[in-house]
Structure formats: structure tokens, C-alpha cells
Amino acid sequence: MNEKTYREYLFIVNNITRNDEKARDLLHDILIELNDNEKFQSLNAFEKKWFLIRTIQNQYNSKTSPFYKKYKKHSFEQISDIEIVNEEYIEPPTIEWVNEVLDDELNNNPDKWYDIMLFKMYMKEMKIETIHRKTKIPKYSIRLTIKNMKLWLKKKLMN
């Protein structure tokens with residue numbers, strides 16, 4: 001391809017894309033594809049020009065074309081005026097802290113032994129099914145107790 005033909009094709013692409021910044025990329029991608037196309041290579045110069053125009057229109061306007069998927073599908077814009085909010089980092093509780101809080105609660109409130117011991121079993125086993133088989137406590141009751149204990153521990157952590 002000579003420079004005159006290239007400039008003519010570039011002018012066509014810029015007209016179709018209304019001077020889109022990706023027009024040159026579109027032209028190059030299409031020229032690479034059409035270089036291997038036997039039908040395109042067998043056409044005369046006039047027919048090649050119209051074949052190219054139709055191909056450019058299809059690629060640029062289609063939402064399923066390779067050009068759309070490669071260049072237009074994901075567009076990123078520069079965001080100015082970003083306000084960064086400093087949030088206080090809350091370190092997750094350690095297992096030692098959880099065990100300490102549970103032991104303190106058991107010492108201070110012995111009536112809560114069921115919840116605490118069930119939660120300790122859950123921390124050890126990590127499966128409700130295993131606890132159910134060992135204790136024969138209904139799974140629903142185990143789930144509810146564990147959920148309540150997690151909420152209670154979260155409140156303790158926040159305080």
C-alpha cells in the first residue's frame with residue numbers, strides 16, 4: 001500500500017468515526033485483518049475502498065465487533081476532585097482475645113455456659129454438622145446460638 005492510499009483510508013476512517021482518538025487503531029486493525037482476506041485482495045482499488053468503508057462502519061458501530069470489545073467496551077475517565085476519607089483501622093480480634101472474653105464472661109455470668117461452650121466448640125470444629133453429631137443439639141439451635149454469639153462478640157469489640 002502506498003502513502004496516498006493510506007492517507008485516503010485514514011481520511012475515510014476519521015470521517016466515519018468523527019475524528020475519534022481511536023480511529024488510527026481501527027484502521028490499522030482492519031488493514032491487518034484485510035491483508036489476509038482473499039476476497040479483499042482480489043478486488044480492484046475502487047471496490048477495495050468501498051469494502052473498507054463498509055468494514056469500518058460495521059466495526060465502529062457494532063457492539064459485538066472486535067474493535068468494540070478491544071477499545072470501546074471499557075472506557076476509563078480521569079476522576080478529579082477525589083475526597084479521601086481517613087477511616088480508623090479496626091484490627092480484627094485475635095483468637096486469644098475471643099477466648100479471653102469468653103472465659104471472662106463465663107466467670108462473670110455462669111448462666112451463659114451453654115452459649116459460650118457451644119461457640120467454643122464451633123471455633124474448634126468450624127462445622128455445625130460435626131457439633132450436631134456430637135451433641136445431638138438441633139442444627140437450627142446451633143446456628144442461632146452461634147449467630148447471637150458473633151453479634152455479642154462484635155458489640156464487645158466495639159466497646
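The dipole here belongs to the chain: it is taken about the Cα centre, uses +1 on the Cβ of Lys and Arg and -1 on the Cβ of Asp and Glu, and is about 980 debye. Residue order for 51, 11, fewest other beta carbons within 10 angstrom first, comes to 11, 51. Given R0 = 25 Å, the distance between the Cβ atoms of residue 159 and residue 76 translates into a calculated FRET efficiency of 0.05.
Seen from every direction in turn and averaged, the convex hull around the alpha carbons of the chain projects onto 19.6 nm². At R0 = 25 Å, how high is the FRET efficiency between residue 61 and residue 38 if r is their beta carbon distance? Nearest 0.05 is fine. The computed FRET efficiency comes out at 0.50. What the Kirkwood sum gives for segment 3-71 is a hydrodynamic radius of 12.2 Å, with every pair of different alpha carbons counted.
For segment 95-158, dividing the convex hull volume of the Cα atoms by the residue count gives 79 Å³ per residue. With contacts taken as Cα pairs under 8 Å at a separation of at least 6 residues, segment 1-140 carries a relative contact order of 12 percent.
Values quoted throughout were computed directly from the atomic coordinates according to the rules given, and no laboratory measurement underlies them. Owing to the predicted nature of the structure, the values given are computational and were not obtained by experimental measurement. Positions of Cβ are backbone-derived with ideal geometry, glycine not excepted, and every protein chain shown enters the neighbour counts.
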